[in-house]
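Trainee: Take this structure first; my questions come after.
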Amino acid sequence: MNIFEAIDLAKSKGLDLIQVTEKVEPPICKIADHGKYLYSIQKKEKKIKQHGGELKEIRLGYKISPHDTETKAKQAQKFLKEGDKVKVSLVLRGREKAFAYMAKGKIEAFLTILNQLTPIKMEREIKKEPRGFTTIISKQ
C-alpha cells in the first residue's frame, strides 16, 4: 500500500501509522493507537527484566561462627543456581557498630567462601548502611 494512502486511512480511523520493522524493504507498518503500542512494548520489556530472578537475602550476624558461615554460603549457592540475585547483609547491633572494620572482614570472608563454591559477580559493592553492611551478588 502507498504510504500516503496508509496515513490517510489511519487518520480517518483516528489512529496512528506505526512502523513495526525497518529491516525489510518496504518497511512493515500497522495501524494502531501509538500510546497503546508503547504501553505494550514497555510491558513486555518489564516482564523480561523480572524474569531475571528474584532478590533473595542472606543475613549474617557479627558473632557468626565459621561453620554457620559455610552453611549460609551453601544456601546462597542454591539461590544463585536457581538464577536469583542474593543480597548479603551483615547486621550490627549496639557496640558491634564500633568494630565495623571487623564486620566488613566477616562479609568479605563469606564472599570468598561463596566464590570458592561457585563463581560470583558483584552487582553492588559492599556498602555501609546504618544497621550494618550489604552487598548484592549474582552468578557469573
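Trainee: What single numbered condition from (1) under 30 Å from ALA6 (Cβ atoms); (2) touching a helix residue (DSSP H, G or I) at 6+ places or on another chain (Cβ under 8 Å) fails to hold for LYS56?
Mentor: Checking LYS56 against (1) under 30 Å from ALA6 (Cβ atoms); (2) touching a helix residue (DSSP H, G or I) at 6+ places or on another chain (Cβ under 8 Å), the one that fails is (1).
Trainee: If we scan the range 24-37, do we find a residue that is of a type in the set (Gly, Ala, Ser), out of contact with any Gly (no Cβ under 7 Å at 6 or more places or on another chain) and under 24 Å from THR135 (Cα atoms)? Full working, then the answer.
Mentor: Filtering the range 24-37 down to residues of a type in the set (Gly, Ala, Ser) leaves 32, 35.
Adding the requirement that they be out of contact with any Gly (no Cβ under 7 Å at 6 or more places or on another chain) leaves 32, 35.
This time we only want the ones that are under 24 Å from THR135 (Cα atoms), so: none.
Scanning the range 24-37, I find no residue that is of a type in the set (Gly, Ala, Ser), out of contact with any Gly (no Cβ under 7 Å at 6 or more places or on another chain) and under 24 Å from THR135 (Cα atoms), so the answer is no.
Trainee: Working carefully through the options GLU57, GLU45, find the one that is part of a helix (DSSP H, G or I) and free of Cβ contacts under 8 Å to residues at least 60 places away in the same chain. If you could, list the steps in order and put the result at the bottom.
Mentor: Details: GLU57 fails: part of a helix (DSSP H, G or I).
Result of the check over GLU57, GLU45: GLU45.
Trainee: If you go through the range 86-99, how many residues are exposed (fewer than 15 other Cβ atoms within 10 Å of the Cβ) and in a helix (DSSP H, G or I)?
Mentor: As a first pass, look at the range 86-99 and keep what is exposed (fewer than 15 other Cβ atoms within 10 Å of the Cβ): 93-95, 97-99.
Subsequent filtering for residues that are in a helix (DSSP H, G or I) retains 94-95, 97-99.
Counting residues in the range 86-99 that are exposed (fewer than 15 other Cβ atoms within 10 Å of the Cβ) and in a helix (DSSP H, G or I) gives 5.
Trainee: Looking at (1) at pLDDT 90 or above; (2) surrounded by 12 or more Cβ atoms within 10 Å (Cβ to Cβ); (3) not in a loop (DSSP other than H, G, I, E, B), can you tell me which one HIS67 breaks?
Mentor: Failed condition: (2).
Trainee: Restricting the search to the range 100-140, which residues are crowded, with 16+ Cβ neighbours inside 10 Å and small (Gly, Ala, Ser)?
Mentor: Correct list: ALA103, GLY132, SER138.
Trainee: Filter the range 14-35 down to the residues that are basic (Lys, Arg) and loosely packed, with under 11 Cβ neighbours inside 10 Å and list them by number. Reasoning before the result, please.
Mentor: If we filter the range 14-35 for residues that are basic (Lys, Arg), which is where we start, we get 23, 30.
LYS23, the sole residue that qualifies.
Trainee: Please state which of the following conditions GLY35 fails to meet, knowing it meets all the rest: (1) assigned to a helix (DSSP H, G or I); (2) within 30 Å of LEU92 (Cα to Cα).
Mentor: Result: GLY35 passes all but (2).
Trainee: Quick one: how many residues across the range 92-125 are farther than 16 Å from ALA73 by Cβ and under 19 Å from the mean Cα position of the chain (by Cα)? Step through it out loud before you land on a result.
Mentor: The initial filter retains those residues of the range 92-125 that are farther than 16 Å from ALA73 by Cβ, namely 92-104, 123-125.
Remaining after also requiring under 19 Å from the mean Cα position of the chain (by Cα): 123-125.
So the answer is 3.
The values are calculated or read from the model by the stated rules, or taken from the named source; none is laboratory data. Here the structure is a predicted model, which is why all the values come from computation and not from measurement. Backbone-built Cβ (ideal geometry, glycine too); neighbour counts: all protein chains shown.
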